[in-house]
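> I have a structure I would like to understand better, so I am pasting it below and will then ask my questions one at a time.
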Amino acid sequence: MTREVSTRLKLVREKHALSQRELAKRAGVTNSTISLIEQNRVSPSISSLKKVLDGVPMSLAEFFTFDIEEPARPSPFFEREQMPDIGGEGVSLFLLGHGVHNRHITMLHEVYEPGSDTGAEMLSHAGQEVGMVIRGEIELTVAEQTRVLVSGEGYYFDSTLPHRFRNLGQQQAEIISASLVSPNAAPIF
């Protein structure tokens, strides 16, 4: 049972994003007490364990009944059906990584029908944006600069600058793009 206590305590602490030091401080015990319990070098009494769990807070009943099985690791692979189209009229934006917890990169496969664009209003959001035209041609405006990019050409800019994409050609245009947002900002999509 002591192995179970050490395993459970470490999982509870990590689940609540607490360091050993922070849990010890909250529980009013020494850092070494938490460390020794988690290493299964000390078997705490019920009262000592209760005191440590008060730092979470968690009851003894909750501690001994929560499921300690680790959740299945999510698959790093995505099939086409798992990439929702978050675009609009004439523009398909297939999002790679939909549902990934704590995602900081927005990766898109963008398809622009002839004559389509990202809208009358210029886009602007926190982060940086990079992409490459893989088929057709696309007009990209970033702030006061405009250029038509063809297959094999790309871009990289600070996405706080107003920007807009337009397909002025007679065929579909495709782009593979990524936007990076700061770790404390929410993903764009």
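> From GLU62, GLU38, which residue is touching a Lys or Arg at 6+ places or on another chain (Cβ under 6 Å) and among the charged types (D, E, K, R)?
On the way: GLU62 fails: touching a Lys or Arg at 6+ places or on another chain (Cβ under 6 Å).
Only one candidate qualifies: GLU38.
> Starting from residues that are in a strand (DSSP E or B) and not β-branched (Val, Ile, Thr), keep the ones in region 97-111 and report whichever is surrounded by the most Cβ atoms within 10 Å (Cβ to Cβ).
At the first step, the residues of region 97-111 found to be in a strand (DSSP E or B) are 105-111.
After this cut, where a residue has to be not β-branched (Val, Ile, Thr) as well, the list is 107-110.
On the way: MET107: 18, LEU108: 23, HIS109: 17, GLU110: 21.
Looking at residues that are in a strand (DSSP E or B) and not β-branched (Val, Ile, Thr), I get LEU108.
> Follow-up question, since we're still on this one. Looking at (1) in contact (Cβ under 8 Å) with a residue 60 or more places away in the chain; (2) of a type outside the set (Asp, Glu); (3) more than 30 Å from GLU113 (Cβ to Cβ), which is the one condition that is false for ILE86?
Checking ILE86 against (1) in contact (Cβ under 8 Å) with a residue 60 or more places away in the chain; (2) of a type outside the set (Asp, Glu); (3) more than 30 Å from GLU113 (Cβ to Cβ), the one that fails is (3).
> Let me ask you something else. Which pairs do you get when a residue that is under 10 Å from ALA178 (Cβ atoms), found in region 97-114, comes within reach of a residue that is assigned to a loop (DSSP other than H, G, I, E, B) and β-branched (Val, Ile, Thr), reach meaning Cβ atoms under 6 angstrom, with the pair 6+ apart or on two chains?
Correct list of pairs: THR106/ILE188.
> May I pose another question? Mind listing whichever residues of region 1-36 are under 17 Å from PHE66 (Cβ atoms) and surrounded by 13 or more Cβ atoms within 10 Å (Cβ to Cβ)? Walk me through it before giving the result.
First, the residues of region 1-36 that are under 17 Å from PHE66 (Cβ atoms): 1, 3-18, 23.
If the condition is that a residue be under 17 Å from PHE66 (Cβ atoms) and surrounded by 13 or more Cβ atoms within 10 Å (Cβ to Cβ), then VAL5, SER6, THR7, ARG8, LEU9, LYS10, LEU11, VAL12, ARG13, HIS16, LEU18, LEU23 are the ones that fit.
> Determine, yes or no, whether GLU14 is part of a helix (DSSP H, G or I), over 30 Å from GLY136 (Cβ atoms) and under 29 Å from the mean Cα position of the chain (by Cα). Give the steps one after another, and end with the answer.
On the way: part of a helix (DSSP H, G or I): yes; over 30 Å from GLY136 (Cβ atoms): yes; under 29 Å from the mean Cα position of the chain (by Cα): yes.
Considered against the rule, which asks whether it is part of a helix (DSSP H, G or I), over 30 Å from GLY136 (Cβ atoms) and under 29 Å from the mean Cα position of the chain (by Cα), GLU14 comes out as yes.
> Among the residues of region 112-128, which ones are in contact with a Leu (Cβ under 8 Å, 6 or more places away or on another chain) and in a strand (DSSP E or B)?
Correct list: GLN128 only.
> While we're here: Mind listing whichever residues of region 136-152 are exposed (fewer than 15 other Cβ atoms within 10 Å of the Cβ) and under 13 Å from ILE176 (Cβ atoms)?
Answer for region 136-152, where residues must be exposed (fewer than 15 other Cβ atoms within 10 Å of the Cβ) and under 13 Å from ILE176 (Cβ atoms): SER151, GLY152.
> Another question about this same structure. Tally time: how many residues in region 87-115 are farther than 18 Å from GLY169 by Cα and over 17 Å from the mean Cα position of the chain (by Cα)? It would help to see each step written out before you state the result.
The initial filter retains those residues of region 87-115 that are farther than 18 Å from GLY169 by Cα, namely 87-88, 93-109.
Imposing the further condition that a residue be over 17 Å from the mean Cα position of the chain (by Cα) reduces the set to 87-88, 93, 109.
Within region 87-115, residues that are farther than 18 Å from GLY169 by Cα and over 17 Å from the mean Cα position of the chain (by Cα) number 4.
> Run GLY28 past the list (1) touching a residue at least 40 places away in the same chain (Cβ under 8 Å); (2) at positive phi and report the number of the one that doesn't hold.
All conditions are met except number (1).
> Do we have SER159 as over 30 Å from ARG73 (Cα atoms), touching a Gly at 6+ places or on another chain (Cβ under 6 Å) and at pLDDT below 95 here?
Values: over 30 Å from ARG73 (Cα atoms): yes; touching a Gly at 6+ places or on another chain (Cβ under 6 Å): yes; at pLDDT below 95: yes.
Criteria met by SER159.
The values are calculated or read from the model by the stated rules, or taken from the named source; none is laboratory data. Since the model is a prediction, treat every value here as computed from it, not as a measurement. Glycine also receives a Cβ, built like all others from the backbone with ideal geometry; neighbour counts cover every protein chain displayed.
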